[in-house]
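Values in this text are rule-based calculations from the coordinates and carry no lab data. Just so it is clear, the structure is predicted and the values come from calculations on it, not from any experiment. Please note: Cβ atoms are built from the backbone with ideal geometry, for glycine as well, and neighbour counts cover all protein chains shown.
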Ligand SMILES: [Zn+2]
């Protein structure tokens with residue numbers, strides 16, 4: 001039960017109420033008995049419509065009664081289609097509307113309308129669209145109504161994409177805080193055959209300057225800019241062949257290599273039936289490993305050019321003991337280099353968001369947005385600004401401090417890792433990530449060629465990322481919140497590892 | 001009485017302690033007066049109502065306060081031999097929503113033998129569509145909730161191989177939106193309850209790592225309001241049931257600590273009805289078994305304990321059932337590792 005306030009009643013009122021309720025219960029039980037007995041006798045007639053109507057009118061959530069109406073209506077449609085279309089349909093629509101007035105979120109009533117439309121080949125779609133407009137006037141967040149409206153639009157040719165787009169503009173302009181409209185816009189925009197970016201940014205600016213605390217337009221802004229970035233298709237960034245084990249590292253989470261067309265070849269023959277695994281038994285992972293059937297001297301990895309783009313050839317040959325890597329100097333589509341046009345647009349975004357942030361220093365959304373924008377423009381150059389902004393967020397929005405701490409850890413690790421060498425072979429220098437107040441260990445797969453890692457004096461609490469440190473020989477994790485037994489059991493598979501705890 | 005703001009509420013001062021005996025009394029009394037008005041008006045969802053109440057009692061270790069034989073007989077009474085589905089109450093129509101509740105109840109009591117489970121499997125199987133989605137019943141409504149019901153029902157009976165699980169997961173992903181969340185069907189707005197269904201389904205299917213935990217986790221932790229409670233969508237009011245939908249989802253994503261747990265506990269405790277027992281959606285509203293389960297469920301995830309009460313049993317974040325039951329069935333769900341391991 002939602003939104004039903006508890007009422008304090010006097011004893012007298014309580015008695016009267018109880019009496020009324022007893023009557024209602026008796027009426028309900030009598031009607032339900034009648035309905036089920038008629039249904040049992042297959043008396044699918046107008047009387048059954050009438051009784052179910054009486055019950056549904058006070059409780060439109062009884063889905064079985066809607067089903068029974070559908071059964072009766074199907075019979076009527078069969079017997080006299082013209083009458084069904086001209087008379088019955090309208091009556092039924094009127095009745096469901098009556099129910100929606102009682103409960104605008106009744107699943108049963110909305111689905112009944114959907115069913116009626118399908119049964120009559122969307123004959124009343126124009127007036128139905130009007131009804132939707134009316135209900136969205138009452139409550140512009142009623143997702144049942146939005147869903148029904150979308151169903152109509154998808155099944156008729158009355159509303160063009162542009163009109164649909166205009167509808168969301170109208171809704172947003174009357175209430176910027178209408179997340180439902182922003183949502184619909186995100187669905188339409190990619191289908192529009194024109195450039196809309198500047199226009200959209202203008203609309204967002206209007207919205208957030210009107211109410212910078214409202215998260216709707218900010219979420220949309222984030223999506224809009226990110227949607228301009230290239231899709232993150234995983235590609236190979238490192239491969240290691242040692243003992244009989246082959247390890248592959250991808251730029252982003254990749255499905256099992258055999259599924260993404262990666263072949264392992266031993267002198268012209270594809271090695272079949274390789275059993276790929278990853279440390280977390282996930283279906284997608286950045287790190288994949290497999291045991292080769294025998295210690296072959298030379299193998300090669302073959303995949304299509306998009307997967308192999310970082311190695312400049314569709315073939316990567318590996319000798320036993322080889323480790324080849326080419327880590328990019330970025331981590332995701334956000335931090336990847338952009339073209340000049342997009343860069344200058346992003347810089348304009350930074351300037352107005354900054355202006356708003358200075359006007360409203362206590363609102364977190366401009367700060368969240370600035371962090372994203374700065375990362376997109378130049379995540380290394382803006383390091384200090386980003387850290388300052390994260391500090392502000394942690395103070396302003398302490399409820400989510402653990403989220404910000406994880407985010408901060410992720411960025412700190414990125415900045416550290418861009419400095420690391422990308423030379424082939426194991427990295428014997430110490431990767432020093434100590435004393436950074438790290439709460440999470442992001443990108444462990446990019447650390448997997450480090451033999452010495454110093455993570456001491458942080459606030460790490462989760463052992464899972466350590467599974468990826470497959471070449472690590474010396475690991476310093478003293479001064480963290482890691483449980484010793486948990487850590488030891490988690491990284492059991494890592495051999496010859498010296499842990500300082 | 002809670003004062004209303006436009007998008008949040010102000011909590012009454014000090015929340016009461018967790019009143020477990022009152023809640024147990026509220027739930028075991030529920031349904032003893034068959035002619036009670038509220039009881040009759042909720043007949044159309046009785047099977048789920050039973051599951052909410054019984055699970056809540058089990059979390060409090062009071063399942064024995066309801067006679068098991070009566071419950072099992074009721075479930076059997078609602079089983080449709082013809083279709084293999086369960087209805088919410090006798091004479092009502094079978095539906096996936098109530099089939100999951102029925103199977104959850106039978107699982108709690110280790111009573112799968114009470115019905116012909118192979119027919120239940122056929123029922124679920126018959127409702128899968130070519131795009132991987134599920135109809136709720138033969139009338140053709142599609143909703144991500146029904147995907148969850150179908151997959152969870154089969155998983156409890158160890159019969160996931162009866163459906164096309166890859167397609168079921170693909171359909172879930174087709175409901176994902178610009179904000180990382182999920183709606184009821186492709187194109188529908190994100191909503192915390194439906195995100196729970198999406199995340200839960202993917203977790204059972206061991207495909208939860210196909211989604212970006214950081215992006216969705218952030219949207220979910222943004223559901224927490226100053227009052228400590230969660231809303232289900234941006235710019236909406238908090239409600240106890242979202243404590244469950246959001247917190248359980250974050251837990252499955254390995255990011256349960258991204259919220260202010262203390263503030264959430266305070267909000268949940270404030271929604272107790274100190275006179276009748278039970279939890280309401282918000283302080284001062286009428287309590288019901290639905291919000292009672294989800295309030296207790298969230299407290300169980302949070303490991304809530306105080307000096308005066310017995311500890312709640314551990315709850316499984318995917319099935320919303322006592323972890324003991326899930327363990328005894330030997331079912332494992334996929335939880336994202338978190339901590340940077342994605
Ligand atoms: Zn609720």
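Quick notes on this structure:
- Residue-averaged beta-carbon neighbours from other chains (10 angstrom radius) around A:283-289: 3
- Prolate/oblate/rounded label for the range A:328-400 (Cα gyration tensor, a/c 1.5): oblate
- Beta bridges from DSSP with both residues in chain A: antiparallel share about 75 percent, rounded to the nearest 5.
- Long-range Cα-Cα pairs in the range B:248-302 (distance over 15 Å), rounded percent: 47
- Diffusion of chain B by Stokes-Einstein, at 10 °C in a medium of 1.306 mPa s and with Rh set to the Kirkwood radius over alpha-carbon pairs, works out to 79 µm²/s.
- For the range B:302-320 and the range B:222-268, distance of Cα centres in Å: 16
- Three-way shape label, the range A:394-501, alpha-carbon gyration tensor, a/c 1.5: oblate
- Degrees between helix A:161-174 axis and first principal axis of chain A (Cα, 0 to 90, nearest 10): 90
- With the highest mean first, a sort of the peptides B:241-254, A:109-122 on other beta-carbon atoms found within 10 angstrom per residue produces B:241-254, A:109-122.
- Separation of the residue A:23 and residue A:275 label points, Cα + 7 Å toward Cβ, nm: 7.4
- The range B:251-342, Cα convex hull volume normalised per residue, Å³: 116
- With only the Cα atoms considered, the range A:243-337 has a convex hull volume of 106 Å³ per residue.
- Seen from every direction in turn and averaged, the convex hull around the alpha carbons of the range A:393-432 projects onto 3.5 nm².
- Among B:32-39, B:68-75, the peptide with the highest mean count of other Cβ atoms within 10 Å heads the list, and the full ranking is B:68-75, B:32-39.
- Tail fraction, Cα-Cα pairs, the range A:42-156, threshold 22 Å, whole percent: 30
- Of the two radii for the range A:177-315, the radius of gyration is 1.21 times the Kirkwood radius, both from the alpha carbons; that is the Rg over Rh value.
- In the protein assembly as shown, the ratio of gyration radius to Kirkwood radius, Rg to Rh, stands at 0.98 when only Cα atoms are counted.
- The range A:399-459 pair-distance distribution - Cα-Cα, 5 Å bins, rounded %: 4, 18, 29, 24, 14, 7, 3, 1, 0
- Seen from a random direction on average, the alpha-carbon convex hull of the range B:1-137 projects onto 11.8 square nanometres.
- Note: relative contact order over the range A:60-142, using C-alpha pairs below 8 Å and six or more positions apart, is 31 percent.
- Each peptide in A:71-79, A:238-246 was scored by the mean count of other Cβ atoms within 10 Å over its residues; highest first, the order is A:238-246, A:71-79.
- Whole-Å distance, taken between Cα centres, linking the range A:326-359 and the range B:47-90: 56
- Angle in degrees between helix A:364-378 and the longest Cα principal axis of chain A, rounded to the nearest 10: 40
- Residue-averaged beta-carbon neighbours from other chains (10 angstrom radius) around B:35-46: 5
- Of all DSSP bridge pairs formed entirely within the protein assembly as shown, close to 80 percent run antiparallel.
- Helix A:107-119 vs. chain A, principal-axis angle (Cα, 0 to 90°, nearest 10): 80
- Translational diffusion of the range B:199-250, µm² s⁻¹ [Kirkwood Rh, Cα pairs; Stokes-Einstein; 25 °C; 0.890 mPa s]: 212
- For the range A:138-186 versus the range B:111-177, the spacing of their alpha-carbon centroids is 30 Å.
- Global form of the range A:279-406, assessed from the alpha-carbon gyration tensor, a/c cut-off 1.5: prolate
- Shielding by partners, peptide B:179-189 (average Cβ within 10 angstrom, other chains): 5
- Across all Cα pairs in chain A, the calculated P(r) in 20 Å bins from zero up to the longest distance comes to 17, 34, 31, 17, 1 percent per bin.
- Taking N as its residue count, the alpha carbon Rg of the range B:113-263 over 2.2 N^0.38 Å: 1.07
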